[in-house]
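A.B. asks: I'd like to ask some things about the structure below.
The values are calculated or read from the model by the stated rules, or taken from the named source; none is laboratory data. A quick note: this is a predicted structure, and the numbers were derived from the prediction, not measured. Every residue, glycine among them, receives a Cβ derived from its backbone with ideal geometry; neighbour counts consider all protein chains shown.
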Amino acid sequence: MEKFVPNISIWRFVLLFTTCNLFIEEINAQNWLNGRATFYGVNQDPSTFGGACGYDNPYHAGFGVNTAALSSALFRNGQACGACYTVRCNRQLDRKWCLPHGAVTVTATNFCPPNNHGGWCDAPRQHFDMSMPAFLRIARQGNEGVVPILYTRVACKRSGGVRFTLKGQSNFNMVMISNVGGSGDIKSVSIRGSRTKTWLPMYRNWGVNWQSRNDLRSQTLSFRVTLVDGKTMEFINVVPSAWKFGQTFASRRQFN
């Protein structure tokens with residue numbers, strides 16, 4: 001009787017085929033979308049990447065170095081600020097530059113403006129201009145061009161509570177809201193002083209900076225924040241009455 005000798009090449013092919021199918025099924029299950037990515041800020045301090053969202057310092061705001069500027073199709077006039085995305089380099093389209101199994105979760109902290117001449121950030125392109133540390137999590141170093149990606153929205157996981165930074169002047173209160181978990185992107189904000197009986201609506205000034213023309217000095221401040229996904233949370237008396245412009249107050253509450 002002849003001795004059976006397994007064909008190693010066939011088994012390797014089966015294993016590779018199965019692995020690829022599992023990867024594709026995972027991609028489809030999580031509603032991954034196609035896009036492109038580049039990087040910016042070579043040798044630049046990541047804490048300066050606040051840009052169009054108005055974060056004074058994205059690193060201190062709780063986002064670390066994994067941040068990205070979004071094209072207009074994704075930025076939604078600033079409403080996407082604070083949103084989180086998991087980004088993979090699409091090796092099916094670019095095996096040379098894409099790292100195998102490379103993935104990174106980034107926070108939207110800036111806007112990648114269109115140039116209306118076929119630029120990568122021109123509408124309707126879905127483009128991520130990522131910080132260099134984030135980009136190198138998915139693509140090989142040495143590529144200074146663009147790579148194809150797959151991306152999906154994910155919940156933001158933050159350390160600590162939501163933070164409120166007070167700006168403005170006597171009759172113009174503005175608050176920068178950062179370190180927001182959950183969907184991360186804010187739909188609406190209301191403010192209430194300790195001598196105010198009702199919630200007063202605030203208006204988006206730019207990015208994550210919300211304004212009110214009410215004089216609320218020397219009052220304890222509370223905020224009601226609603227995210228784009230509809231979740232609402234109230235931060236009662238999160239700011240003491242002795243607050244000053246420029247101060248940041250961290251709550252103990254967080255979206256999940």
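A.B. asks: Taking the range 201-256 only, how many residues are of a type outside the set (A, V, I, L, M, F, W, C) and in a loop (DSSP other than H, G, I, E, B)?
C.D. replies: 21
A.B. asks: Could you check ASP94 against (1) surrounded by fewer than 19 Cβ atoms within 10 Å (Cβ to Cβ); (2) modelled with pLDDT under 90 and say which number it fails?
C.D. replies: The single condition ASP94 does not satisfy is (2).
A.B. asks: Restricting attention to the range 77-102, report how many residues are free of Cβ contacts under 8 Å to residues at least 60 places away in the same chain and in contact with a Cys (Cβ under 8 Å, 6 or more places away or on another chain).
C.D. replies: Keep residues of the range 77-102 that are free of Cβ contacts under 8 Å to residues at least 60 places away in the same chain, which gives 77, 91-102.
Now restrict to residues that are in contact with a Cys (Cβ under 8 Å, 6 or more places away or on another chain): 91, 97-99, 102.
Within the range 77-102, residues that are free of Cβ contacts under 8 Å to residues at least 60 places away in the same chain and in contact with a Cys (Cβ under 8 Å, 6 or more places away or on another chain) number 5.
A.B. asks: Kindly list, by first and then second residue, each pair from a residue in the range 184-207 that is closer than 20 Å to SER218 by Cα to a residue that is exposed (fewer than 14 other Cβ atoms within 10 Å of the Cβ) and modelled with pLDDT of 95 or more, limited to pairs with Cβ atoms under 6 Å and residues at least 6 apart or on different chains.
C.D. replies: SER190/PRO201
A.B. asks: Using beta carbons and a limit of 9 Å, which pairs, at least six apart or on different chains, have the first residue in the range 228-244 and farther than 20 Å from GLY184 by Cα and the second one exposed (fewer than 12 other Cβ atoms within 10 Å of the Cβ)?
C.D. replies: Listed pairs, sorted by first residue: SER241/SER218; ALA242/SER218; TRP243/SER218.
A.B. asks: Looking at the range 184-195 only, could you name the residues that are assigned to a loop (DSSP other than H, G, I, E, B) and farther than 20 Å from ARG252 by Cβ?
C.D. replies: Of everything in the range 184-195, those that are assigned to a loop (DSSP other than H, G, I, E, B) and farther than 20 Å from ARG252 by Cβ turn out to be ASP185, ARG195.
A.B. asks: In the range 103-141, what count of residues is obtained for those that are in contact (Cβ under 8 Å) with a residue 24 or more places away in the chain and over 18 Å from the mean Cα position of the chain (by Cα)? Let's see the steps before the verdict.
C.D. replies: Let us first name the residues in the range 103-141 that are in contact (Cβ under 8 Å) with a residue 24 or more places away in the chain, namely 103-114, 120-140.
Remaining after also requiring over 18 Å from the mean Cα position of the chain (by Cα): 114, 120, 122-124, 139-140.
Residues meeting the conditions: 7.
A.B. asks: Quick one: which of ALA134, ALA139, ALA108, ALA155 is surrounded by fewer than 18 Cβ atoms within 10 Å (Cβ to Cβ) and aliphatic (A, V, I, L, M)?
C.D. replies: Values: ALA134 fails: surrounded by fewer than 18 Cβ atoms within 10 Å (Cβ to Cβ); ALA139 fails: surrounded by fewer than 18 Cβ atoms within 10 Å (Cβ to Cβ); ALA108 fails: surrounded by fewer than 18 Cβ atoms within 10 Å (Cβ to Cβ).
It is ALA155.
A.B. asks: Can you tell me which of ASN116, ASN77 is modelled with pLDDT under 95, part of a helix (DSSP H, G or I) and over 15 Å from THR38 (Cα atoms)?
C.D. replies: Criteria check complete, one pass: ASN77.
A.B. asks: Considering only the range 152-182, state which residues are over 18 Å from ARG204 (Cβ atoms), among the aliphatic types (A, V, I, L, M) and in a loop (DSSP other than H, G, I, E, B).
C.D. replies: Result: ALA155, single match.
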